[in-house]
Amino acid sequence: IEAGAKGAISLTTNKFARYNYDTSSDPWTLEGAPEKTNNFKYREQVYAAYVNVSKQFNPKWNASVGLRGELTLSNGYWDNSAPTEKTYFDVFPNVTLGWMPSQKCILSVNYAYRISRPKYWQLNPFTSYINATTYVKGKPDLLPSYSHNVTLTGVFLSRISVNVGYMRDKNFNDMQMPVFDPDSGMMGMVFENAGIQNM
């Protein structure tokens, strides 16, 4: 039996301002419009506790079962959007079953439920231009994605390893959806939760 706890705190502060250079007056003039500044503070705290139980039933069979609980607290203060605050608690199970019919063959199957939290650059609503007609923008209310993962692993002759896996990702949050403005001709790529991804 194994148990433990973990805490992680991420503090990110960004200050970015655009200045215009004009030789006829004060050379450097600050562009004070909110859309021209990329100032934000992002705070994320993750507290987790886990327990894992492993058992060797006989020389051929073994198993491991684990459970992890995670509390996430996040706050974002953006120049270009209203502040965001999220608090959520999740439980993540994982199970592994191993079988060794001989010294030359080891098989194991694993199931795990996982989370992928959005990164601060995916949340930041500031418009970053790639070129004159294309930009990238974050979405402050982007949700975390959750995935079910199943993996079958085989090791043969102590040299050959074969892995087969399947993942079903819900609320997939690493997708940039295109937004087109026909009047200006601008194409935006905005981070979105894009339904379900199967791999």
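The values are calculated or read from the model by the stated rules, or taken from the named source; none is laboratory data. Because the structure is predicted, anything quoted here is derived from the model rather than measured. Because the Cβ atoms are built from the backbone with ideal geometry, glycine has one as well, and the counts that use them run over all protein chains shown. What goes into the accessible areas is simple: the full protein's heavy atoms, side chains included, and nothing from ligands, DNA or RNA. Shrake-Rupley method; radii C 1.70, N 1.55, O 1.52, S 1.80 Å.
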Conditions (1) within 17 Å of the chain's Cα centre (by Cα); (2) buried (at least 17 other Cβ atoms within 10 Å of the Cβ); (3) aromatic (Phe, Trp, Tyr): number failed by TRP121: (2)
All positions within the range 146-165 that are part of a strand (DSSP E or B) and surrounded by fewer than 12 Cβ atoms within 10 Å (Cβ to Cβ): ILE160, SER161, VAL162, ASN163, VAL164, GLY165
Positions within the range 35-52 being open to solvent by 60 Å² or more (accessible area, probe 1.4 Å) and in a strand (DSSP E or B), in sequence order: LYS41, ARG43, TYR47, TYR50, VAL51
Those residues of the range 53-83 which are outside any loop (DSSP other than H, G, I, E, B) and either among the charged types (D, E, K, R) or open to solvent by less than 30 Å² (accessible area, probe 1.4 Å) (or both), in sequence order: LYS55, ALA63, SER64, GLY66, ARG68, GLY69, GLU70, THR72, SER74, GLY76, TRP78
Count of the range 133-180 residues which are in contact with a Phe, Trp or Tyr (Cβ under 7 Å, 6 or more places away or on another chain) and among the β-branched types (Val, Ile, Thr): 1
Restricting the range 87-118 to residues that are closer than 27 Å to LEU73 by Cα and of a type in the set (Phe, Trp, Tyr), the residue that is least open to solvent (accessible area, probe 1.4 Å): PHE92
